[in-house]
Structures are given as C-alpha cells and as structure tokens.
Amino acid sequence: MAVFFRLFIFVIFVVGGYNLMKPYGFTYEGVFVGLALGIMVLGSEYFLKKLKVGKIVGGIIGLVLGITLGRLIIFPIRNLVGAYPIISYMIEAFTGYTGLLIGLMRGENLSAASIIRLFRGQGLDENLKILDTSSIIDGRIADVCDTGFLDGIFIVPQFLLQELQHIADSSDSMKRSRGRRGLDVLHRIQKLSTITVRLIEEDFPKIKEVDSKLVALAKMMNAKIITTDFNLNKVAQLHDVAVLNINELANALKPVVLPGETMKVFIIKEGKESNQGVAYTEDGTMVVVENARKMIGKNIEVAVTSVLQTTAGRMIFSKPANEY
C-alpha cells in the first residue's frame, strides 16, 4: 500500500510539472522538473525518519538564537556597516549557522516528552533511571547506590509497584519472600541521600507486558533502564534504549585471571567431561579443572590455561599446577 501511495505522489509531481510548463511551451522541461521534485520529496522521507524531533527543535532554537546574537553584534556598529550591508549579512549568516550546528548537536538528547515537560514548566530532568522488578528484587542495586557509583533520579512507575506488591501477596512462599525483599530494597534506596526515588502514575493501557511498558516509558522520558533481566536488556537495545545491567557490572568487576597464573581452589564436584573437577572462586566464577575428578573434596593448587567470557558469566579452565 505504501509503495502505491509513493508512486501516486510521484506521478502527481510529474503531471503537475507537465501541466504548469505546457502553456509556455516547455513540456519536456516541466516533466523533468516534476520528476526531480518528486525524487527529492520521496528521498527526503529517508532523512526525516532518521532525524529526531529533539534535533529539529534544537536546530530551530539554535538558528533563532544565532541570528538574534548576530543582530545584537551589528546593532552597536550599524552606522559603520550601513554602507556595506554585505557585512551584516555575513555576520548574521555566521552566527545563525553556528547556532544551528550547536542546536543540532545539543538537541540530540531532547525528546517529545521532554519538550512537553519544558513547556509545562517542569524542566528537563537528566540522569533519569527506571528500575525494573528484577533489579529491585535482586537487591544488589542498593549496595551499588551505597557506594556512590550511582546517583540521580530513580523512576518507579505505579504499574511496576503494583506488580511488586502482587508478588509480595502471592500464595507461594518463595514468591512472597522475593516480593517483600523487593519492597525492603526499594525502601532502603529511598533513604539514600544521593538518590531521589520518584513514583509516577504514567501508564500504557494498550500495552500488556510490563517489560514493553518499561521500554515505552524509557523512550518517552529519555531514561535508562536498570535491570538484571537478559531478555529485557536485548529488547531495550533493539529500541535504542540505554540499559544498565547489574549482571554485566558484576562480571566486569570480577578479578582478572590470566593464563599461566596459579590459584588455590576447593574441588566440589565432577565436571561434564571425563576426569574433570569443578570448583568455584569466592565471587562465584566456575573453575573447571582437568584431571581432578579423583581430587573431589580437596584443596589443590591449579594453573589457569584459558578464560572464557560469555554474557552469562565467566568460566576458568585450568589444570593441577604440577601438570602444567
């Protein structure tokens, strides 16, 4: 349907150019002009899709302020440049173009929602982060905030708080304890001086999934999402929404182990492959030890052979130090 509509618009431009130029005897020229205009209009659709509303508004504001600044510069010297109006035009063109460029660059982070809030007198909030259910129940976000690595405004939408309360009221004891833990963590974050927790009533009735609502809210408020949910992380990235994943942070902070280094581990169980033993470091990283099945239940010294980093975590492969 969209293809036929574009073709219809294209034909209108061609026929229009022909009819406008026919009385003057320029029929072929009219067709060519209509053809060129049609191509330009249809081609502009691609650039308009890529251009954000914030950039347009920022560019317009920058252009107006630039021209205004140029006129203010000219005003005190208007008598000197009166005989050379080209100088006035050059100054206005330079300041206007400079303002346009600055507006386009600075307006990149503006969104329709932030512009509406600005006209309402609510200001442009920066450093907004939206907490999801998984990050609240996980609890490590409170520890990270305690260290001062995160600050700003944490957004908790009402629909997410309702989901958390629903989990806390569940008949399942495990879910109930997780929900209550989440409420305790949220209450702990509220007490931190570096964090402002803001409860909002914004909802999206046409969207049923909570994760989809969070992504829509983040796009509307130009905010980041804090989560431990792998699937939400991927969906948010597809929608060009910034994500702060607590699991990725934890993996990044694990001690770096290089091949050839030695370490002491306690062999807990046998591995998947023949004659393998499995141990864990203090931070929970799995250590696979070759030829260690007979050493289950013992502390041994191992030498690292390789390290595998995945989205699920880190795995260390090693051998007993006396075999390396």
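The values are calculated or read from the model by the stated rules, or taken from the named source; none is laboratory data. Quantities reported herein were computed from a predicted structural model and do not represent experimental measurements. As a convention, Cβ positions derive from the backbone with ideal geometry for all residues, glycine included, and neighbour counts pool all protein chains shown.
What number of residues in region 233-264 are more than 9 Å from the chain's Cα centre (by Cα) and on the phi > 0 side of the Ramachandran plot? Summing the residues that are more than 9 Å from the chain's Cα centre (by Cα) and on the phi > 0 side of the Ramachandran plot in region 233-264 gives 1.
Quick check on region 154-169. Is at least one of its residues charged (D, E, K, R), under 25 Å from the mean Cα position of the chain (by Cα) and closer than 18 Å to residue 224 by Cα? For region 154-169, residues charged (D, E, K, R), under 25 Å from the mean Cα position of the chain (by Cα) and closer than 18 Å to residue 224 by Cα: absent. Annotation note: of 159, 154, the sole residue that is under 21 Å from residue 236 (Cβ atoms), part of a helix (DSSP H, G or I) and modelled with pLDDT of 85 or more is 159. Among residues of region 253-274 that are hydroxyl-bearing (Ser, Thr, Tyr), those with a Cβ under 9 angstrom from a residue that is in a loop (DSSP other than H, G, I, E, B), sequence gap 6+ or separate chain, pair up as 262/324.
Residues that are of a type outside the set (A, V, I, L, M, F, W, C) and out of contact with any helix residue (DSSP H, G or I) (no Cβ under 6 Å at 6 or more places or on another chain) within region 237-266 comprise 237, 240, 247, 248, 251, 254, 255, 259, 260, 261, 264, listed in sequence order.
Can you name the residue in region 123-141 that is among the hydrophobic types (A, V, I, L, M, F, W, C) and modelled with pLDDT of 90 or more and, of all such residues, is farthest from residue 203 (Cα to Cα)? Selected residue: 141. Selection of region 266-304 for residues being assigned to a strand (DSSP E or B) and more than 29 Å from residue 245 (Cα to Cα) yields 266, 269, 270, 277, 289, 299, 300, 301, 302, 303.
Looking at region 1-101, the helices (runs of 4 or more DSSP H) lying wholly inside it that each contain 2 or more residues that are modelled with pLDDT of 75 or more and over 37 Å from the mean Cα position of the chain (by Cα) sit at 2-21, 27-50, 53-74.
Given the criteria at pLDDT below 90 and either under 19 Å from residue 249 (Cβ atoms) or hydrophobic (A, V, I, L, M, F, W, C) (or both), does residue 197 qualify? Against the criterion (at pLDDT below 90 and either under 19 Å from residue 249 (Cβ atoms) or hydrophobic (A, V, I, L, M, F, W, C) (or both)), residue 197 qualifies.
Cβ separations smaller than 8 Å between residues 6+ apart or across chains give the following pairs from region 9-23 residues that are over 11 Å from residue 35 (Cβ atoms) to residues that are surrounded by fewer than 17 Cβ atoms within 10 Å (Cβ to Cβ): 9/41; 9/42; 21/27; 21/29. Per the listing 272, 254, the residue uniquely among the charged types (D, E, K, R), under 29 Å from residue 233 (Cβ atoms), at pLDDT below 90 and surrounded by 14 or more Cβ atoms within 10 Å (Cβ to Cβ) is 254.
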